[in-house]
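The values are calculated or read from the model by the stated rules, or taken from the named source; none is laboratory data. Nothing here was measured: the structure is a model prediction, and the numbers come from that model. Note that we place each Cβ from the backbone using ideal geometry, even for glycine, and neighbour counts take in every protein chain shown.
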Amino acid sequence: MYNKKYIKGKVLIRIGLFLLCSGMLNACTRDVPPGKKVFYYNETSGISSLDPAYAKSQSIMWAIHQLYNTLLEVDSNLVIHPSLAKSWEINEDHTIYTFHLRTDVYFNDDAVFPGGKGRKLVAKDIVFSFQRIIDPKTASSGAWIFNDRIAKNGFIALNDSTFQLKLIRPFQPILGILSMQYCSIVAPESVLKYGADFRSHPCGTGPFRLQYWQEGQVMIFEKNDHYWEKDSLGKRLPYLDAVKISFFDNKATEFLEFRQGRLSFMNDIDPSFKDEILTRNGELREQWRGRIILQKHPYLNTEYFGILVDTTNPLVKNSPLKIKAVRQAINYAINKPQLMMYLRNSIGYPAERGMVPYGLPSGNAEHVKGYTYNPDKARALLKSAGIDFKNVPEIKLLTISTYADIASFAAHAIEQIGLKVQVEVIQKSLLLQQTAQQQALFFRASWIADYPDAENYMAQYYSKNPSPPNYTRYRNPLFDALYEKALIETNDSIRYTLYRQMDQMVIDDAPVVPIFYDEVIHLVQPNITGFYPTSMNMLELRTVDIKLEEK
């Protein structure tokens, strides 16, 4: 039931949106007229920019993916495919990559071009886009993707249709990095004309173009009629006429909008109403079958508890967590399958392997041996560590409100083996600050892959990396040696073996307590076709179609 205050607030929101749609060039109605195929979704966290240089959050990445293209892209099975680059070659020592560009790609029509007609994409646009990422003046949050990897003057336009990238040393994940939204290709004319306002004046080669944006209220993308991609039958993509994004910041409101058919899909299910939709086994409840479509897909995200292991830190010196056997005992103490069933409705997989989730070609999750529920073994480890259960200091577990139930479940399990745990719920921004500054001893965290390679997960434990990404301050000379070897290894089979060895080493040393490997979950309206989740949880709308109601 919704209270009167909530209903009143919702009515005021709708009145406000109605007034917005009645004015402002009639943006909400005239631009997406009846009979058109419009995909609707909500973004609870908002969208602060449409500039790829700042594509650091999922909400921004989803929007940017509709407006731009990258040289390469990753499919739902994490296989790299051509996009703006139709083919490429790699030299013998894997330091020079030569990309051959498509010659039928045009930037969308925009006032920055003569006559307002979009011009053809050329290799110099690639050079401009990549140099802009590493330019300190841009202050891109993605500058790290090229740091200490690209040779001086390593972005080269050999001619209009050939782009060359030079590395300082081999780095096999570079192709995956080029598929990231940071590497979207922008129109230099638009960047130079609008400067800081480029964030709201995007110009790319993607399937859609920005038609309207009232910040915090509504964003509308319209079909790019000159988009270059076609389907297998030769029909030009996309099939949709428009995409409309709302910005309700409340998941309950979003769910209500979806139930009433005003959203095409929902990403993820809020804990407050997951039991209404899903059984404990993660299936749709009877009353929803046939009314909505449930989609699931393995997601490259590992949820875990991190443990600070830098023994020079005062927090660690006086804590039982400085002892490896204690950290291992905590791993054995938690019944992860039970946690997944009762707190997650079986969304995801118990993390009983390493830190690298299922789905990556290195196969870490299939080969690394992790921790299964074994409280007796946990107690034996604590006994072997000489823990004085009467005087052992209390351990504080920091988390955010969304994961408070999981933290409480884990704390209770740990207490059952004799340790004392206090759960403290704090703001996400404060948790990020404290973990980055080594002020959190035991904390909830997650790692979502930036690109589809296990190296991205192993980078968290390389001692020469700062915090982030090395939040636990893990230091192991043997791990570092293997990591450095893997970075320059060009044989995938050997490199994957190194990744598995490193992952096993981290799990054995236990600076982390992996909890679960996440899963993308979508609720989709039955009239939506061609819409599927991906391992990177990217919003893919190029091949989405809508069955319109017959009149």
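Is it the case, given these coordinates, that Tyr299 is among the hydroxyl-bearing types (Ser, Thr, Tyr) and under 25 Å from Ala436 (Cβ atoms)? In short, yes. Please tell me if Gly35 is assigned by TED's automatic domain parsing to the domain that holds Trp88, modelled with pLDDT of 50 or more, outside any strand (DSSP E or B) and over 27 Å from Ser190 (Cβ atoms). Against the criterion (assigned by TED's automatic domain parsing to the domain that holds Trp88, modelled with pLDDT of 50 or more, outside any strand (DSSP E or B) and over 27 Å from Ser190 (Cβ atoms)), Gly35 qualifies.
If you go through the stretch 439-468 and keep only what is surrounded by 18 or more Cβ atoms within 10 Å (Cβ to Cβ) and assigned to a loop (DSSP other than H, G, I, E, B), you end up with Ala440, Leu441, Ala449, Asp450, Tyr451, Pro452, Asp453, Ala454, Tyr462.
How many of the residues making up the stretch 505-535 are more than 24 Å from the chain's Cα centre (by Cα) and of a type in the set (S, T, N, Q)? Break it down stepwise before answering.
Pass one, the stretch 505-535, residues more than 24 Å from the chain's Cα centre (by Cα): 505, 508-510, 526-527.
Checking which are of a type in the set (S, T, N, Q) leaves us with 527.
Number satisfying all stated conditions: 1.
Listed by first and then second residue, the pairs linking a residue in the stretch 275-288 that is surrounded by fewer than 12 Cβ atoms within 10 Å (Cβ to Cβ) to a residue that is not in a helix (DSSP H, G or I), with Cβ atoms under 8 Å apart and 6 or more places separating them unless they lie on different chains, are Glu276/Arg285; Asn281/Asn345; Asn281/Ser346; Arg285/Leu278; Arg285/Thr279.
Determine if the stretch 336-345 includes at least one residue that is free of Cβ contacts under 8 Å to residues at least 60 places away in the same chain, farther than 30 Å from Phe531 by Cβ, in the same structural domain as Ala440 (by TED's automatic domain parsing) and of a type in the set (S, T, N, Q). If you could, list the steps in order and put the result at the bottom.
Our first condition is that a residue be free of Cβ contacts under 8 Å to residues at least 60 places away in the same chain; within the stretch 336-345, this holds for 337-338.
Pick out the ones that are also farther than 30 Å from Phe531 by Cβ and you get 337-338.
So of that shortlist, the ones also in the same structural domain as Ala440 (by TED's automatic domain parsing) come out as 337-338.
Subsequent filtering for residues that are of a type in the set (S, T, N, Q) retains 338.
Looking for residues that are free of Cβ contacts under 8 Å to residues at least 60 places away in the same chain, farther than 30 Å from Phe531 by Cβ, in the same structural domain as Ala440 (by TED's automatic domain parsing) and of a type in the set (S, T, N, Q), one finds at least one in the stretch 336-345, hence yes.
When the stretch 54-73 is limited to residues that are among the small types (Gly, Ala, Ser) and either part of a loop (DSSP other than H, G, I, E, B) or in contact with a helix residue (DSSP H, G or I) (Cβ under 6 Å, 6 or more places away or on another chain) (or both), the one that is surrounded by the most Cβ atoms within 10 Å (Cβ to Cβ) turns out to be Ala55. Among the residues making up the stretch 404-432, those that are out of contact with any helix residue (DSSP H, G or I) (no Cβ under 9 Å at 6 or more places or on another chain) and at pLDDT below 95 are Ser429, Leu432.
For the stretch 469-504, filtered to residues that are of a type in the set (Lys, Arg) and over 25 Å from the mean Cα position of the chain (by Cα), the residue that is nearest to Thr435 (Cα to Cα) is Arg475.
Looking at the stretch 204-318, what strands (runs of 3 or more DSSP E) fall wholly within it and have at least 1 residues that are in the same structural domain as Arg344 (by TED's automatic domain parsing) and among the hydroxyl-bearing types (Ser, Thr, Tyr)? So that I can check it myself, show each step before the final result.
Details: elements: 208-214, 218-223, 242-246, 265-267, 293-307.
It comes to 293-307.
Residues that are free of Cβ contacts under 8 Å to residues at least 40 places away in the same chain and outside any loop (DSSP other than H, G, I, E, B) were ranked within the stretch 125-140; the one that is surrounded by the fewest Cβ atoms within 10 Å (Cβ to Cβ) is Gln131.
Listed residues Gly386, Gly359; which is in contact (Cβ under 8 Å) with a residue 40 or more places away in the chain and small (Gly, Ala, Ser)? Break it down stepwise before answering.
Details: Gly386 fails: in contact (Cβ under 8 Å) with a residue 40 or more places away in the chain.
Step by step, each of Gly386, Gly359 is checked, and only Gly359 is in contact (Cβ under 8 Å) with a residue 40 or more places away in the chain and small (Gly, Ala, Ser).
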